[in-house]
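The structure under discussion appears below in the form of C-alpha cells.
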Amino acid sequence: CDDGFVDMNTNPNALTSPVLENVFTYNIVKTAGTGYENHRANLIYCGAIVQHFASLNTYWSGDKYLSNVEYYSAYFDTGYQNQVKEIEQIISLTKGDNNLVNKYNIARIWRAYIYSRMTDLYGDVPYSQAGQGYLNNVYSPKYDKQSAIYADLLNELDQASTSLAAGKDAYGTADPIYASDITKWKRFANSLMLRLGMRLTKVDAASAQTYVKKAIAGGVMQSNDDIAKLKHYDTNDNNRNLDGNTLKTQEYDAANLKGKANSKLSKTFVDFLQKSADPRLPYIATLWQGNADASTFATSSDPAVQKGLPNGYDNTTIKTLIPGWNDNSITTYSEANLNYVASNTAPTMFQTYAEVEYLLAEAALRGWGDGQAAAHYNKGVAAAIDMFSLYGANIPASATTAYLAKNPFTTVSTEKQMEQIATQYWVVNFLNSYEAFANWRRTGYPVLTPTNYAGNDTGGTIPRRLKYPQSEASKNAAQYNAAIAQQGPDLFTTRMWWDKQ
Amino acid sequence: QQAIKGKVSDSNQSGLPGVNILLKGTSKGTISDASGNYSINATKGATLVFRSLGYATKEVVVGDQTSIDIVLETSDKTLEEVVVTALGVAKDKKSLGYAVSELKGTEFTQAREVNLGNALSGKIAGVNATSTATGPGGSSRVIIRGNGSLGGNNQPLYVINGVPIDNTNVNSAGMWGGFDTGDGLSSINPDDIESISVLKGGASAALYGSRAGSGVILITTKSGKAQKGLGVDFTSTYTAETPLKISDWQYQYGAGTRGAKPATQQEAIDNGVMSWGAKLDGTSVIQSDGVSRPYVAQKDNIKNFYNVGSTFSNTVAVSGGNQTVNFRFSASNSDAQSVVPNSTFSRKSFNLSTNANLSNKVVFESVMQYNIENGENRTFLSDTPKNPNFAAQMLATSTDIRILAPGVDSRGYESLWNSNVYSQNPYFATTKVKNTDDRNRFMGNFSLRYNLTDNLYVRGRLGTDYNQLKYWSIEPTGIAYSTRGSLSQSTRKIVETNAELLVGFKKDFDQISLNALIGGNKMLRTNEGQGISGGQFNVPFNYFPSNLITSNWNYDYTKLGINSLFASADLGYKNLVFLTLSGRQDWFSTLAKENNSLFYPGASLGFVFSDAMAERPSWLTYGKLRTSWAQVGGAYPTPYALNLTYGLQSNPYNGMPLMNIGTNTIPNKALQPNTTTTTEIGVELKTLNNRLGIDLTLYNRVTTNDAVQASTSSASGYQAVLLNVGKVQNQGIEVLLTGTPVKAASGFGWNVSYNFAYNDNKVIKIADGLTALSMDESRTRNGYVYNFEGQPFGMIAGYRAKRDAAGNIVYNKDTGLPMQGEFAALGRGVPPVTMGLTNTFNYKNFQLSFLIDAKFGGMLYSATNAFATRYGLAQRTVANDVRTTGVTVKGVDQNGEAFTKTISAQDYFSGISTTITDEFVYKADFAKLRQLTFGYTFPKSMLGKTPIQSLSLSFVARNLLMLYNSVPNVDPESTYNNGNAQGLEMFGIPTVRSFGLNLMAKF
C-alpha cells in the first residue's frame, strides 16, 4: 500500500548532493554580507562607533550607543546561518580526502576568517560546536572562550597554509577571490595570521609575537594583486556591493532626499582626511549632489567643501552645538561617495595589502619584524592610495608622494608612530568597520571622543563589543547563561578576552 | 415483498415532502414526493422508519396492509436528533458513544461573520474559536479540546459532504508583518449550510484518518427535496461595521521629546510617534507637514482614520425534484468593505447539489461548489511596514491623523510623518500600497452507491478540492524605505483528491442491529507555487514585471499521499446499548519506508439507561451514559523533510552558480508516525419533561511521538530541527446545560443554553535534551510564545527584571535600567476556560436571541502596549507626575552594590519597553455580548396571496458590547494570525461592532 511513496517523497526541485565549487562561491558571496547585517552591524554599529559615520537619527544606535536588539543581533544571526553553515559543510565533505586537499585547506582558511569576525564582535561565541546542527546534531552549541577560539584559529591558519599543495586542484574559477591561486591563498592565510596574531598584543604578547613572526616567515601579501576581495557587479543583490547599495538605497536616496539623508560621514573621519590632505577624500566623500549626479564630481567632491557630521546628536540637540542649525543644514554634510568607494561595483575588501603593511610596520616597531617601520608605513600608504583604482578612481602616483611628504612617518615617539599606523589602518578600513572597530579597541587609536546621548546604554563610554541576540537567551539559554558567567554581563561595556584593560 | 404506498402529512393534514422512509436495519429507503406520497417494497414484519428534520421519528411495523398513511408530529426533542457522523452517515444521536455537537445552518445565517470559524465562538463546549484582527475574509483559529500537537496543525479537519477540504492559510501576518488572505473556511457560504457537526473525540474521528486527530468539523450543505414546483429561497443581509476605540492613552503631554515641543518640521518628523513633549497648552506648534497648529489632545484618530465598514450578502437558491432526482442550486454574492479604507473582500459562490435514485439499486449523489473570491488591499498587520494601523494607533497625542493625508507629496512619493521610514504614512499605506488576491476554487464530490442486496451495498466516492490562488502585491514608487518600489506576483495551486471505496452491510437480527463497513481511501495532495518578484521600476508608477530592473523567480512543488484501509462496525442491542468498533491502517508518503505505516483502533459504548430502567424515576425523562477510547494516527505533514538538500539561487554571481543548503530545518530520516489517544466518558440527562438538560463530558487526550520542529540556536547553522518525541496531554470537562425556563400557553417561550469547557493542557515532553521550544516571537523581539516541558501548551515567555538572592532588582549602573532576568514562562497563551450563554425568547412571531461569549485564564503579550509605553502614550508614563519627578529606582547594581538613581521617565519607560517583557503581559480574560438577533416572522395571513410562502426580517448585531476586558488599550482577541502560537498582539485592525438587517424569504 505504499507503492511509489519513496519517489513521491523525493523533492524534484532540489539536489541531494552538492557541487562543492558552487557552494564555495556562495559562501564567499555571503561572507561579503547581505544588506541586512551590513547595514545593521557593519555600518550602523561598527561604522558609527569608530566614527566613520554619524547620524542625527536615533536608529543609528552605534552613533549614540543606544541598545537596538535588531541591530546588535544581526551579525550573529546571519553569520552563523549564511556563512558558518555552508563552510562547515564544505569542510566536512572535503576533510580526509587527499584529492580534495586544497579545497579542504582553503575552506579552513576561510572558516578562520568567518569566525574571527564573529568572535571579535561578540567575544566568547559558539565555535567548536557551531554550525554542527546537521553534521553532528548539536542544536545548542556551547560558547567557547575567546582565548581558545583564537588559539585554534591561529593553529588552523598555520596548518591550512602549510598543507596547501601547489599543483593540485582547488575550486578553479569558482573561487572568486584568487581563482584558486594556491600561492595567493597561502599569502592570505599568513596575512590573516598576522592580523589575528597582532590582535593579542594586549592580552598575550608572547603568543602575539610567535604568530606575527610565523606569519611573516610564511609569507604575507606582497602587493595590491594579493588583496582578498570580492568583485561586484551592478546586476542584482547577489552581485552588488551591499554596503554601498545599502547606503545608496537605505540611507542617502539622493534623488529623493536631496541631502536630507539619514546618515552622513563623521566629522572625526572627514576632519582627519581634510587635515592630512588625503587624495582619497574626493573618492570617499561627496556632497549629496555628487551622489545624485556623478558628473558634478568636480564641485560636489571638492575636498574643501566636505564636512563631517558630529557624532552623538539628534535634530534637536544638534542645535545646541551648531548655532543657526535648521532643517536644511544637514544637506551640506558629506556622504560616502556612491560612485567610487561605496559604489554598487566597489569590491568588498576582506583584507588589503595596505593593512598588512601597516601591521608589518607595527611588528617592526615591536621588534618582531624587520625593523623597517617607516618603509612599511610608506608602502602601506602607497598601497592604500593606489588601491583606489579598484574603485574606479585614478589617483596619480604624484599624489601619494605629496601625501607622504605632508604626512611622513613620525619620529616623535614609538607611541606616536603606533598612533599614526593605527590611524591609517582606520582609514583604509573604511567600510570594513568590523576590522576598524577591532583594531581601535586593541590599539586605542585613533583617539575617539565618546558621546553621551541621553538614554544611551553605556553611560557615555564607547562600546567594547556587541551584545548577544535575545534569541540566544531564549533558544540557547543554558549555554548563553554559561557564556555570561565566564565572560561577564552581556553588555556593550563588557570587555572581551583580548581587549584587556 | 409487498408494495406499500401511502402519504406522510403533518398535524395540519398537509403532505410532507422529503421525508426519509427507511426499511429499518437496511440501507433501503425512499423519500416522499412533493405531496408527501411515497411507495416502497417491504416484507411483512419489517419496520418502516419515517424521519424528517423537525419532526418526531415514527416507526411502523408492516402488517398485511398495502397502504400506510402517517402523521408526523413536530418535535423539539433533541433526543430524537439525527446527527451526521463519520463518512457522512446520519445516526441517531442516541446511539453514539461519544460527544457530537450539531449546529443548524440558521446559527450562521442571521448575524453572520464572513469567516465561518469566527461564528463558532461561544457556541459549542470545548470548541475554542478565535477570531483574528485581520479584517474581512481573514482566517480564524478553531481548536477542539485544546492543542495536541507542539508544532503540527492543531485545527480540525473540515469535511464537506463527506469529502475533506483544504483549510490552508497560505498568507498570514507574522513577526515581520504581512497580511492574511484567509483560510479554507472563508470559502463557505453560510446560506448553503444545512448543518455543522463537530466530532470532538477520536472515536468519532477515527474513520477520517490521520488528519482527524484534532477533531473533525463536518459541514453538510443543503440539498434538494421532492416538492411541488420550484422552491426559491432568498436571503439578504446588510451589516455596517464601526471600529471600536479601546485605547485610553494619556492626553496631558503632546508630541516631542524630553519635555520639549518640536521646534522645526524635522523635529516634528523625528518625533512623529513620540508623545514625550511638553504639557498640552494649546499654543501653536509645528507639525510634520510644516504647518503649526494648536498643541491640544486629539482623541478621535481612530474614528477619523477608519471608515464605517459594511458587509452585504445575498443568496438565491432554487430547489426542486421528484421521487427520482432532487437538486438544489444556489448562487451567492458577499461583498465586505473593511473599516480600513480601500480594503475589500468579495466572494461569489455557486453550489449545486444533486441526488438521484437511478433505480432501486443505484443511488447517485453529487455536490459541486465553485467559488470566486477576491481580496483587495488586505491590511498589513504586526510589523510597521505598509501597516496603516501603526500610525492610527501610535500617532503622538497632539497630532490629528488627518494632517497626514493624502500621504503623498507633489511627486507622488510618500510624505514623511516619522523619521523611521519603515513606519508608513497610513494614507499612503491605504491608497498607494496595493495587493490583490484571487481565489478560484472548485470543490466537488461524486458518489455512486449500488445496493447488492437489501443489506449489502458498495459505494465509490471521488472528491476533489481544487484551489487556484493568485497574488499580486506592490510596494509603489515613492514608498519611503524603498523609493523605487517593488512588485511580486505569484500563483499557487493546491489540489487534494480523495478516492474512497467501501462495502457496507446493515441488518437487524432480532434484538441486535449491525451496521458494518470496510473500505479504503487514497488521498493525494499537491501544492505548487510559482512567482516573480523584483525591485526598482524602470519607469516609475508603472507596476508590471517587465518594468522591473531586477527580478527573481521562484518555483516550488510538493506532493504527498496517504493510503488507508479502514473498517467499522456499529452494534446495537435492543436500542439500548450501542457499541462501535473501528480500525484504520494508514501509509504515509512523508515518512521513510521502514516507519511509514500505523494501525489505530477505537471503540465506543453508549447506554440509554433511562430506557432500560424497569421503573424510571419521575424526574428523569432521558438518561444516557457513553464512553469511548480511540486512537488516531498521524504523520509529519510536510514532504521532503527526511534528507538534506541543496538549492540554487535564482541569480548567479558573475555567471557562477550559487548553491546553498536548501533548508533551514535540520532533516530527520527517522521520523515516526504520531498517535493521539482519546478517552472520554459522558452522561446526558433530561429532566422535567425535557425542560432541563445536562450533557457532561470528561476527556483525556494524549498525543505521543509528535513531530516537533524545534527551534535551534542560530549558531547551529539552522533555525530548527525536526524531532519526534513530543508528548502533549489535554484533559478537560465540557458541560452543556439547556433549559426552557418559560413555555407559556400565551406563546411566550424562553430557552437558555449554556456551555462551559475547561481544558487543562500540559506539554509532557518535547525531545531528548530539549525542554523548551520556540513557537513565535513578537516584532519587539522581547515577547515570545514557547512550549516548556511540564507547562501548558503555548506559554507566553520572555523576561522579568533580574533580581538578586534577596529579591532586589538588579540595575545596570550605567543606565539605571533594570537588567533582564533569565528567560522564563510568563503565562498561558491559550485560555483554558471558554464558555457561551445563549438566551432565546419567542413570542408569537417575534424572536430575540443573544449570545454572551467569554474566555478566561489566558494571557496576552501586547506589543501595542509596549510601544505605547515607549512612545509616551500609555497612562503609566504620566502617572504620579513621573514626567517631572523622573523615576527613582532602588536595588543593587550588576556588581551587587546597593544602587539608587533617578532617571527620566522617557529613558525608564523606553528602556523597559524593549527589555522587560512581563511589564506588557496581561490577563486576557473577557466577556463579550457577541451576538444579538431580533427577528420577526411575518404570519401567513399577512403574506396572503403573494407568491411569498414565508418571510422573516431580523435585526442582527455582532460584537455589541465588551462586558469585561482585562487588557488595557486593546481587545484581548487581537492576535494577528491563526497559528499555533497565540498570545501575541501588535497593530491589528481595531475590533469592529456590526449592526444590520437580515431578510429571509421563501417563494
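The values are calculated or read from the model by the stated rules, or taken from the named source; none is laboratory data. The structure presented is a predicted model; accordingly, all values stated were derived computationally and were not measured. Neighbour counts are summed over all protein chains in view; Cβ atoms, including those assigned to glycine, are modelled from backbone coordinates with ideal geometry.
Looking only at the stretch B:504-534, count how many residues are among the small types (Gly, Ala, Ser) and under 25 Å from residue B:27 (Cβ atoms).
Here is the first cut: in the stretch B:504-534, the ones among the small types (Gly, Ala, Ser) are B:504, B:513, B:516, B:519-520, B:529, B:531, B:533-534.
In the following step, the residues that additionally are under 25 Å from residue B:27 (Cβ atoms) were identified as B:504, B:513, B:516, B:519-520.
Number of matching residues: 5.
As an exercise: evaluate residue B:781 against (1) of a type outside the set (A, V, I, L, M); (2) within 14 Å of chain A (Cβ to nearest Cβ); (3) at negative phi and give the number of the one condition it does not meet.
Exception for residue B:781: condition (3).
Residues being farther than 24 Å from residue B:604 by Cβ and hydrophobic (A, V, I, L, M, F, W, C): count how many of those fall in the stretch B:693-719.
Total satisfying the criteria: 4.
Only residues that are of a type outside the set (Gly, Ala, Ser) and at the interface with chain A (Cβ under 10 Å from one of its Cβ atoms): list them for the stretch B:529-553, please.
Answer for the stretch B:529-553, where residues must be of a type outside the set (Gly, Ala, Ser) and at the interface with chain A (Cβ under 10 Å from one of its Cβ atoms): B:536, B:549, B:550, B:552.
Looking at B:20, B:41, which is the one that is crowded, with 16+ Cβ neighbours inside 10 Å and outside the structural domain of residue B:322 (by TED's automatic domain parsing)?
Every option except B:20 fails the conditions.
Within the stretch B:667-689, track down each residue that is under 32 Å from the mean Cα position of the chain (by Cα) and either assigned to a loop (DSSP other than H, G, I, E, B) or facing another protein chain (nearest Cβ under 10 Å) (or both). Give the derivation first.
Filtering the stretch B:667-689 for residues under 32 Å from the mean Cα position of the chain (by Cα) gives B:667-668, B:671-686.
Once the filter is applied, which keeps residues that are under 32 Å from the mean Cα position of the chain (by Cα) and either assigned to a loop (DSSP other than H, G, I, E, B) or facing another protein chain (nearest Cβ under 10 Å) (or both), the stretch B:667-689 yields B:667, B:668, B:671, B:672, B:673.
Looking at the stretch B:31-92, what strands (runs of 3 or more DSSP E) fall wholly within it and have at least 1 residues that are at pLDDT below 75?
Values: elements: B:37-42, B:47-51, B:58-61, B:82-85, B:89-92.
Filter on the stretch B:31-92 gives B:82-85, B:89-92.
Among the residues in the stretch A:467-475, are any surrounded by fewer than 18 Cβ atoms within 10 Å (Cβ to Cβ) and within 12 Å of chain B (Cβ to nearest Cβ)?
No, the stretch A:467-475 contains no residue that is surrounded by fewer than 18 Cβ atoms within 10 Å (Cβ to Cβ) and within 12 Å of chain B (Cβ to nearest Cβ).
Give, as residue ranges, the strands (runs of 3 or more DSSP E) completely inside the stretch B:718-794 that count at least 3 residues that are within 28 Å of residue B:101 (Cβ to Cβ). Lay out the reasoning, then the answer.
Numbers: elements: B:720-743, B:748-765, B:772-777, B:784-788.
Those strands (runs of 3 or more DSSP E) span B:720-743, B:748-765.
Hey, among the residues in the stretch B:653-666 that are facing another protein chain (nearest Cβ under 7 Å) and free of Cβ contacts under 8 Å to residues at least 12 places away in the same chain, which one's surrounded by the most Cβ atoms within 10 Å (Cβ to Cβ)?
In this case the residue turns out to be B:653.
Name the single residue, out of those in the stretch A:1-40 being free of Cβ contacts under 8 Å to residues at least 40 places away in the same chain, charged (D, E, K, R) and in a helix (DSSP H, G or I), that is nearest to residue A:243 (Cα to Cα). Even if it seems obvious, please write down each step before you answer.
Narrowing the stretch A:1-40 to residues free of Cβ contacts under 8 Å to residues at least 40 places away in the same chain: A:1-17, A:19, A:40.
From what is left, the residues that are charged (D, E, K, R) are A:2-3, A:7, A:40.
Next, only the ones that are in a helix (DSSP H, G or I) stay: A:7, A:40.
On the way: A:7: 44, A:40: 10 Å.
Residue satisfying both the conditions and the ranking: A:40.
Tell me which residues, restricted to the stretch A:11-45, are more than 30 Å from residue A:248 (Cα to Cα) and more than 7 Å from chain B (Cβ to nearest Cβ). Let's see the steps before the verdict.
To start, the set of residues in the stretch A:11-45 that are more than 30 Å from residue A:248 (Cα to Cα) comprises A:11-21.
Hits for the stretch A:11-45 are A:17, A:20, A:21.
Could you please let me know if residue B:189 is buried (at least 24 other Cβ atoms within 10 Å of the Cβ), of a type outside the set (Ser, Thr, Tyr) and on the phi > 0 side of the Ramachandran plot?
For residue B:189, the condition - buried (at least 24 other Cβ atoms within 10 Å of the Cβ), of a type outside the set (Ser, Thr, Tyr) and on the phi > 0 side of the Ramachandran plot - is not met.
Within the stretch A:49-57, does at least one residue satisfy the condition of being surrounded by 24 or more Cβ atoms within 10 Å (Cβ to Cβ), assigned to a helix (DSSP H, G or I) and more than 9 Å from chain B (Cβ to nearest Cβ)? Spell out how you get there, then give the answer.
First pass over the stretch A:49-57, keeping only residues surrounded by 24 or more Cβ atoms within 10 Å (Cβ to Cβ): A:49-56.
The next check asks that each one be assigned to a helix (DSSP H, G or I); those that pass are A:49.
Now drop any that are not more than 9 Å from chain B (Cβ to nearest Cβ), which leaves A:49.
The answer is yes, given that some residue of the stretch A:49-57 is surrounded by 24 or more Cβ atoms within 10 Å (Cβ to Cβ), assigned to a helix (DSSP H, G or I) and more than 9 Å from chain B (Cβ to nearest Cβ).
Give the residue, chosen from B:277, B:321, that is at pLDDT below 95 and either crowded, with 23+ Cβ neighbours inside 10 Å or under 22 Å from residue B:440 (Cα atoms) (or both). Please lay out each step first, then the result.
On the way: B:277 fails: at pLDDT below 95.
Checking each option against the conditions leaves just B:321.
Given the options B:842, B:808, B:787, B:782, name the one that is modelled with pLDDT of 95 or more and not small (Gly, Ala, Ser).
Values: B:842 fails: modelled with pLDDT of 95 or more; B:787 fails: modelled with pLDDT of 95 or more; B:782 fails: modelled with pLDDT of 95 or more.
Exactly one of B:842, B:808, B:787, B:782 is modelled with pLDDT of 95 or more and not small (Gly, Ala, Ser), namely B:808.
Answer yes or no: is there a residue in the stretch B:345-352 that is over 24 Å from the mean Cα position of the chain (by Cα) and in contact (Cβ under 8 Å) with a residue 60 or more places away in the chain.
No.
Check A:436, A:483 and return the single one that is in a helix (DSSP H, G or I), touching a helix residue (DSSP H, G or I) at 6+ places or on another chain (Cβ under 9 Å) and within 14 Å of chain B (Cβ to nearest Cβ).
A:483
Please work out which residue is modelled with the lowest pLDDT, limiting yourself to the stretch B:954-986 and to residues that are farther than 26 Å from residue B:847 by Cα and assigned to a strand (DSSP E or B).
So the residue we want is B:975.
Would you mention how many residues in the stretch A:209-240 are outside any loop (DSSP other than H, G, I, E, B) and hydroxyl-bearing (Ser, Thr, Tyr)?
2
More than 20 Å from residue B:117 (Cβ to Cβ), within 14 Å of another protein chain (Cβ to nearest Cβ), surrounded by fewer than 19 Cβ atoms within 10 Å (Cβ to Cβ) and in contact (Cβ under 8 Å) with a residue 40 or more places away in the chain, is that true of residue B:229?
Answer is no for this residue.
In the set A:464, A:441, which member is surrounded by fewer than 24 Cβ atoms within 10 Å (Cβ to Cβ), free of Cβ contacts under 8 Å to residues at least 60 places away in the same chain, part of a helix (DSSP H, G or I) and not assigned by TED's automatic domain parsing to the domain that holds residue A:247?
That would be A:441, the only listed residue that is surrounded by fewer than 24 Cβ atoms within 10 Å (Cβ to Cβ), free of Cβ contacts under 8 Å to residues at least 60 places away in the same chain, part of a helix (DSSP H, G or I) and not assigned by TED's automatic domain parsing to the domain that holds residue A:247.
Could you tell me whether any residue of the stretch B:235-252 is outside the structural domain of residue B:366 (by TED's automatic domain parsing), free of Cβ contacts under 8 Å to residues at least 12 places away in the same chain and either under 30 Å from residue B:18 (Cβ atoms) or polar (S, T, N, Q) (or both)?
Looking through the stretch B:235-252, none of the residues is outside the structural domain of residue B:366 (by TED's automatic domain parsing), free of Cβ contacts under 8 Å to residues at least 12 places away in the same chain and either under 30 Å from residue B:18 (Cβ atoms) or polar (S, T, N, Q) (or both).
Take the conditions closer than 30 Å to residue B:42 by Cα, surrounded by fewer than 22 Cβ atoms within 10 Å (Cβ to Cβ) and among the β-branched types (Val, Ile, Thr) and apply them to residue B:408. Does it pass?
The answer is no for residue B:408.
Restrict the check to the stretch B:882-897 and report whether at least one residue is more than 15 Å from residue B:811 (Cβ to Cβ), touching a strand residue (DSSP E or B) at 6+ places or on another chain (Cβ under 8 Å), in a helix (DSSP H, G or I) and within 14 Å of another protein chain (Cβ to nearest Cβ).
Step one: of the stretch B:882-897, the residues more than 15 Å from residue B:811 (Cβ to Cβ) are B:882-885.
Keeping just the survivors that are touching a strand residue (DSSP E or B) at 6+ places or on another chain (Cβ under 8 Å) gives B:883, B:885.
Still in the running and in a helix (DSSP H, G or I): B:883, B:885.
Cutting the leftovers down to within 14 Å of another protein chain (Cβ to nearest Cβ) gives us none.
No, that holds for no residue.
Determine which member of the set A:247, A:265 is under 20 Å from the mean Cα position of the chain (by Cα) and in a strand (DSSP E or B).
Result of the check over A:247, A:265: A:265.
Taking the stretch B:124-137, which residues are in contact with a strand residue (DSSP E or B) (Cβ under 8 Å, 6 or more places away or on another chain) and in contact (Cβ under 8 Å) with a residue 40 or more places away in the chain?
Selection gives B:124, B:125, B:126, B:127, B:128, B:130, B:131, B:132, B:133, B:135, B:136, B:137.
Kindly indicate whether any position in the stretch B:859-880 is free of Cβ contacts under 8 Å to residues at least 24 places away in the same chain, surrounded by fewer than 23 Cβ atoms within 10 Å (Cβ to Cβ) and either within 18 Å of residue B:800 (Cβ to Cβ) or within 44 Å of the chain's Cα centre (by Cα) (or both).
Yes, that holds for at least one residue.
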